[in-house]
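Chemist: Before anything else, here's the structure in question.
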Amino acid sequence: MDYADYQAPASPTYPGNERGQPGELLFAASQHFMSWVISQDRKPTEHRGILRNLEHILRICEVSVQNGRIINSMEEKNALGVLRHLTTGLENGDETWADIFPATELMIYHLEARNPKAEAVGQMVLLKFAYHDKSNASEELSILVRKVIDTVTSHITPTIDLELIKKINHLVRDYLQGEKWNAKELEALEKELKAFFEAA
């Protein structure tokens, strides 16, 4: 993935024009911070991990807004607190560029540590990154990865069974560790994920 021309994503759509969904404030703050990171014109190796972590956070917020309360207000508040501490520190000189990446890691931890639903969204972001890094980035594989991501994120709702989502997280983690980047393995992953949802 080329981050030289990276753009901060647009704000998520709000079902029924509702406001105040958990994730909305964190999305806006993270989006603004991502734009600032991009504007610093650093070498890709210096900001790649930061931008990926921010995209990870933004995607969790987006699904929470679109699907309804994937994260809760306290998780959002804790992640926002880290970001506010970081930005204040950068402004007054208490924090440096080297502090940004670990701060974004901590934000992800606050969103996912006790929330399998947020973790499942994060796993889909990691799947996307792994596809770009480890595959030949063919159109066929791109379509299959997108189908897997859509299959999972479309089913992550506030009422999804937590045992089901834990099984999905375990399956995807194993897949990522196995680094099986071919059409046959991706199709098998999609089929297994669909079977989980159909059996629920």
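The values are calculated or read from the model by the stated rules, or taken from the named source; none is laboratory data. Source: prediction; values computed, not measured. Positions of Cβ are generated from backbone atoms using ideal geometry, with glycine treated the same way; all protein chains shown enter the neighbour counts.
Chemist: Considering the stretch 124-183 alone, what residues qualify as being among the aromatic types (Phe, Trp, Tyr) and within 18 Å of the chain's Cα centre (by Cα)? Walk me through how you get there before you give the answer.
Modeler: First, the residues of the stretch 124-183 that are among the aromatic types (Phe, Trp, Tyr): 129, 131, 175, 181.
Correct list: PHE129, TYR131, TYR175.
Chemist: Is it fair to say ILE57 is touching a Ser or Thr at 6+ places or on another chain (Cβ under 7 Å) and within 22 Å of SER35 (Cα to Cα)? Outline the logic, then answer.
Modeler: Numbers: touching a Ser or Thr at 6+ places or on another chain (Cβ under 7 Å): yes; within 22 Å of SER35 (Cα to Cα): yes.
Taking the combined requirement at face value, the residue satisfies it.
Chemist: Do we have ILE38 as part of a helix (DSSP H, G or I) and modelled with pLDDT of 95 or more here?
Modeler: Details: part of a helix (DSSP H, G or I): yes; modelled with pLDDT of 95 or more: no.
Spelling it out, it is not the case that ILE38 is part of a helix (DSSP H, G or I) and modelled with pLDDT of 95 or more.
Chemist: Sticking with this one: What number of residues within the stretch 64-94 satisfy the criterion of being surrounded by 21 or more Cβ atoms within 10 Å (Cβ to Cβ), among the β-branched types (Val, Ile, Thr) and either at pLDDT 95 or above or assigned to a loop (DSSP other than H, G, I, E, B) (or both)?
Modeler: Selection size over the stretch 64-94: 2.
Chemist: Report the residue count in the stretch 13-35 for those that are over 24 Å from HIS132 (Cα atoms), surrounded by fewer than 18 Cβ atoms within 10 Å (Cβ to Cβ) and either among the hydrophobic types (A, V, I, L, M, F, W, C) or at pLDDT 85 or above (or both).
Modeler: Number of matching residues: 3.
Chemist: Determine which member of the set LEU106, LEU127 is of a type in the set (A, V, I, L, M) and closer than 23 Å to GLU192 by Cα.
Modeler: Values: LEU106 fails: closer than 23 Å to GLU192 by Cα.
After ruling out the rest, the residue left standing is LEU127.
Chemist: Here is a further query. Could you grab the pairs with beta carbons closer than 8 Å, sequence gap of 6+ or different chains, first residue in the stretch 168-185 and in the same structural domain as ASP133 (by TED's automatic domain parsing), second one surrounded by 14 or more Cβ atoms within 10 Å (Cβ to Cβ) and among the aromatic types (Phe, Trp, Tyr)?
Modeler: Listed by first residue and then by second, the contacts come to ILE168/PHE196; LEU171/PHE196; TRP181/TYR131; GLU185/TYR175.
Chemist: Would you mind stating whether VAL121 is among the β-branched types (Val, Ile, Thr), at pLDDT 95 or above and outside the structural domain of THR153 (by TED's automatic domain parsing)? Spell out the reasoning first.
Modeler: Values: among the β-branched types (Val, Ile, Thr): yes; at pLDDT 95 or above: yes; outside the structural domain of THR153 (by TED's automatic domain parsing): no.
For VAL121, the condition - among the β-branched types (Val, Ile, Thr), at pLDDT 95 or above and outside the structural domain of THR153 (by TED's automatic domain parsing) - is not met.
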